[in-house]
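Right, one structure below, let's go through it.
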Amino acid sequence: MRVLILGGDGYLGWPTAMSFSNKGHEVFIVDNYLRRNLCRDLDVEPLFSIPNLLSRVRIWKELTGKEINVRLGDCCDYNFLTKVFNEFKPQTVIHYAEQPSAPYSMLDHNAAHLTLLNNLISTLNIIWAVKENVPDCHIIKLGTMGEYGTPNIDIEEGWLEIEHKGRKDKFLFPRQASSLYHTTKIQDTDLLWFYVRIWGLRVTDLMQGPVYGLSTDETELDERLSTFFNYDELFGTVVNRFIVQAVAGYPLTVYGKGGQTRGYLNIRDTIACVELSMLNPADSGELRIFNQITETFTVNELAGKVAKVGNERGHKVAIKSVENPRVEQEEHYYNPVFSGLKELGLEPHFLTDDVLHSMFQIVENHKENIARHKIFRGVKWKS
Ligand code: USQ
């Protein structure tokens, strides 16, 4: 497959690029360092520094003999993007090129503006670049389980059949996000669905839950191939944050009552899900939606798991409920369907004690880099 990975420098993009290159796919990456620049500007750099993208692909080639092509540029720049599509003629494009943080999107007006523009214009440009250059190209879009919110009914995989006044139809499952970032993902889905209906594009929307982990087969080849590991409130996801907090002797920051339930997955499974979607593309004129999670936990359950393993390793782990800076339900029903990717062949990696121990080991190796002031800044959803 010729696969174009937009946002290929990111937490998920870089491990995906290496994995696909390793499997013999022809990989082309685009990135504009948005995430790196935001982290630097906001003083929330990851746990350890990462070579720039050009160095990463050089190291990858030295170690494996395999080539990953890179173009540095902005997906919101249509002239740049359409040229990349025209030059590379991808069979699959994977869209990771979004501002991915809910707390960042709620920081201030500038952050809200950047999130909305970046996420929607990049999606619009990809749709047009596909239509104008490679209309048969399969678009794989990273969506989020947060689009659904926490409804008091089971969450289906993307669609819902409704019977109303004796008639039936199928609609996108109701969306009700709880951050501006998550709202932009809903708007992405709407854009894609519109153009699927009008132009017959082939699209897979992956509704992903919070991802944890930092090891894949390829990152383990050499430390310089590691992915970003953020533990700050803006760009760190909750499991990664809790492990760093445990190592730093910082009480685990459970927001509010801690009954918030989400579907989680290992970074290895993100890559597997994207690959399965790529190898089994959506049909032309189809918006196919999968819920990309492997198991569900409350925040309290996650804190308990991390504390148990941390204590076994000699850390004295405390758990503390802090006032919830977000507006979200803290106790709620949560029962999502997530069978589609398993039917395609996904074999999940679960959040076992062994997985937590190996994450602890890597974080302990970089313990001296943990900056306590980065852990909590309390970005409030409403002041
Ligand atoms: N939480 C805490 N304490 C913390 C951090 C988070 O209790 O220190 C809670 C949050 O309030 C939330 C849950 O843990 O209820 C998950 O938070 P998160 O920061 O791990 O994840 P979230 O902000 O929802 O966003 C992350 C990714 C995003 C992705 C999303 C999937 O940053 O890109 O789309 O997970 S989902 O949450 O399913 O929408």
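Some observations on this one:
- Scanning region 26-41 for residues that are surrounded by fewer than 22 Cβ atoms within 10 Å (Cβ to Cβ) and touching a helix residue (DSSP H, G or I) at 6+ places or on another chain (Cβ under 8 Å) returns 33, 34, 38.
- Residues (surrounded by 22 or more Cβ atoms within 10 Å (Cβ to Cβ) and assigned to a loop (DSSP other than H, G, I, E, B)) located in region 235-253: 235, 236
- The set of residues in region 336-349 that are in a loop (DSSP other than H, G, I, E, B) and open to solvent by less than 70 Å² (accessible area, probe 1.4 Å) comprises 337, 338, 339, 345, 346, 348.
- Set 211, 203, 196: member being open to solvent by less than 40 Å² (accessible area, probe 1.4 Å), in contact (Cβ under 8 Å) with a residue 24 or more places away in the chain and closer than 22 Å to residue 34 by Cα: 211
- Subset of region 85-144 (residues that are among the β-branched types (Val, Ile, Thr) and crowded, with 17+ Cβ neighbours inside 10 Å): 92, 93, 94, 115, 123, 126, 127, 130, 134, 139, 140, 144
Yes/no per residue for (1) open to solvent by less than 10 Å² (accessible area, probe 1.4 Å); (2) more than 9 Å from the ligand (Cβ to nearest atom); (3) under 22 Å from the mean Cα position of the chain (by Cα):
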| site | (1), (2), (3) |
| --- | --- |
| 222 | no, yes, no |
| 227 | yes, yes, yes |
| 261 | no, no, yes |
| 290 | no, yes, yes |
| 301 | no, yes, yes |
| 316 | no, yes, no |
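The values are calculated or read from the model by the stated rules, or taken from the named source; none is laboratory data. The structure displayed is predicted, hence computed values, not measured ones. FYI the Cβ positions are ideal-geometry reconstructions off the backbone, even for glycines, and counts take in every protein chain you see. Just the protein is used for accessible areas: all its heavy atoms, side chains included, with ligands, DNA and RNA removed. Shrake-Rupley method; radii C 1.70, N 1.55, O 1.52, S 1.80 Å.
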